[in-house]
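The values are calculated or read from the model by the stated rules, or taken from the named source; none is laboratory data. Just so you know, these numbers come straight off a predicted model, no measurement behind them. Reconstructed Cβ throughout: ideal geometry from the backbone, glycine too, with neighbour counts over all protein chains shown. Keep in mind that these areas ignore ligands, DNA and RNA; they rest on the heavy atoms of the full protein, side chains included. Shrake-Rupley method; radii C 1.70, N 1.55, O 1.52, S 1.80 Å.
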Amino acid sequence: FLSCNTLNHLHISWIPGHAKINGNEIADTLVKEATTMPLPDNATTTTSYAFERHKSWTLLLEEWTTHWHNTLKANSFFSPADRLPPSLKPHSHFCETKWAIYGRLIQC
């Protein structure tokens, strides 16, 4: 979205909840009705931080995995590790390793 067009801008703002605010039910009703209306041609869309973060992590992992699959892996000391596909979280066998051993492994 942002990288495709320099005219696109991102504005993040905090919006308080509706608790103890007069007209809360009316506002909720109007918002629910508005979600079913079609957007006008010149409308801007909004998104959440969580959605954009998830989208960027997904894109990062896809690009990293594609690069990993297209890279020739030579037979070396690190060959066993080279067979592990990219991941944004530690693989399960690393999570199950004792911390003292894990610390030595990642220092190699």
Condition check: open to solvent by less than 70 Å² (accessible area, probe 1.4 Å), in a helix (DSSP H, G or I) and modelled with pLDDT of 70 or more. Does Ala34 satisfy that?
yes
Would you say Lys73 is among the basic types (Lys, Arg) and modelled with pLDDT under 85?
yes
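A quick yes/no check of all residues on (1) out of contact with any helix residue (DSSP H, G or I) (no Cβ under 6 Å at 6 or more places or on another chain); (2) closer than 30 Å to Tyr102 by Cβ; (3) at pLDDT 75 or above; (4) open to solvent by less than 100 Å² (accessible area, probe 1.4 Å):
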{"site": "Ala27", "(1), (2), (3), (4)": "yes, no, yes, yes"}
{"site": "Leu30", "(1), (2), (3), (4)": "yes, no, yes, no"}
{"site": "Glu52", "(1), (2), (3), (4)": "yes, no, yes, yes"}
{"site": "Thr65", "(1), (2), (3), (4)": "yes, yes, yes, yes"}
